[in-house]
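The values are calculated or read from the model by the stated rules, or taken from the named source; none is laboratory data. These figures come from a predicted structure and were not determined experimentally. Please note: Cβ atoms are built from the backbone with ideal geometry, for glycine as well, and neighbour counts cover all protein chains shown. Note: areas computed on protein heavy atoms with side chains; ligands, DNA, RNA excluded. Shrake-Rupley method; radii C 1.70, N 1.55, O 1.52, S 1.80 Å.
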Amino acid sequence: MHISVEHGDNFATIHLRGEFDTYYCKHLAEQIDALVASGVTHVVLNLRLVKFINSTALGAIIKSSKLLSSKGGKLVIARPSAFCRDIIVKVGVDRVVPIFDDDDAAAAGLFSAAKAKPKAAATAGDDESSVLFAPTDAARIEHFLSATRLAKAPSGTAPAATSANWQGVGRMASLDERGLRFTWNGGDTGLDAFAMGQLLSIGTELKIKFRLPLFKQGYCEATATVGEVEERDTGVKIGARFTKIDEKTLGAVRQYASDLKFLKDELRKATGA
């Protein structure tokens, strides 16, 4: 990763480029310490060209923010890449370090109570917390999702969804080495919460794809069995235990869970919660 510092009238901007992982945390800390020593305590952290960031790096950002605040200054983030923004918002780091979509707004935010404008949420399939799932028994999908409920593609476009290729898109609620929990609002199936619960009833085997954004890009895959079903006004919450998952992915899941715990602890310290 490359780090450069640009000085303004009464603040500085630190530009990062590349992959911000554990190795470079000490370099960010050194830059922050040097700025504080020179009397600069208001800093913009530009993450536009950062294509990957891990939990230790997020922790370093939180610690830098705490240090600058203790000196009467402030740290804000400017123009984060889509990957960085998704992680920062998902973990909650933006509650401590505000995000701004352009450099001028970020600079203004250093010296005012201006709030960063929230960005539109990603579509379901692009959300880092998306869980893609489907019962392994195609007959089960066929039973609950009749031909009229399966998506129909217009002429000349991709093939319509069938019981063999249908998949639901849920939102991850929690994840550990034993399994995961996710919520599902039914998408465009037309199913009510009771029918969703029947489709994903206890004992149903699922093919699942999920992401570990702090650890790797792309989807991880596993097979899981539903062990919990909770009907809600907006859909269902499903708990599923892994029954087939490769060791490399399982190791990544363990690290991901550890990373989230670390970040929650750091956020708790930073907010005094």
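Does region 223-232 contain at least one residue that is touching a helix residue (DSSP H, G or I) at 6+ places or on another chain (Cβ under 9 Å), more than 21 Å from residue 140 (Cβ to Cβ) and of a type outside the set (Val, Ile, Thr)? Yes, that holds for at least one residue. Being at pLDDT 70 or above, in a strand (DSSP E or B) and either polar (S, T, N, Q) or open to solvent by less than 20 Å² (accessible area, probe 1.4 Å) (or both) holds for only one residue in 174, 201, 146, and it is 174. Among the residues of region 208-228, is any at pLDDT 95 or above and in a loop (DSSP other than H, G, I, E, B)? No, every residue in region 208-228 fails to be at pLDDT 95 or above and in a loop (DSSP other than H, G, I, E, B).
In a residue-by-residue description of region 212-228, the property of being buried (at least 19 other Cβ atoms within 10 Å of the Cβ) and of a type in the set (Gly, Ala, Ser) applies to at least one position.
Give region 45-97 a look and list any residue that's of a type in the set (Ser, Thr, Tyr) and part of a helix (DSSP H, G or I), or say none.
Applying the first criterion (of a type in the set (Ser, Thr, Tyr)) to region 45-97 yields 55-56, 64-65, 69-70, 81.
Passing the criteria: 55, 56, 64, 65, 69, 70.
Kindly indicate whether residue 76 is in contact (Cβ under 8 Å) with a residue 12 or more places away in the chain and open to solvent by 10 Å² or more (accessible area, probe 1.4 Å). Against the criterion (in contact (Cβ under 8 Å) with a residue 12 or more places away in the chain and open to solvent by 10 Å² or more (accessible area, probe 1.4 Å)), residue 76 does not qualify.
So that you can scan it fast, the table gives a plain yes or no per residue for (1) touching a residue at least 24 places away in the same chain (Cβ under 8 Å); (2) open to solvent by 60 Å² or more (accessible area, probe 1.4 Å); (3) more than 29 Å from residue 252 (Cα to Cα); (4) β-branched (Val, Ile, Thr):
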| site | (1), (2), (3), (4) |
| --- | --- |
| 6 | no, yes, yes, no |
| 16 | yes, no, no, no |
| 26 | no, yes, no, no |
| 41 | yes, no, yes, yes |
| 47 | yes, no, no, no |
| 53 | yes, no, no, yes |
| 81 | yes, no, no, no |
| 86 | yes, no, no, no |
| 101 | no, yes, yes, no |
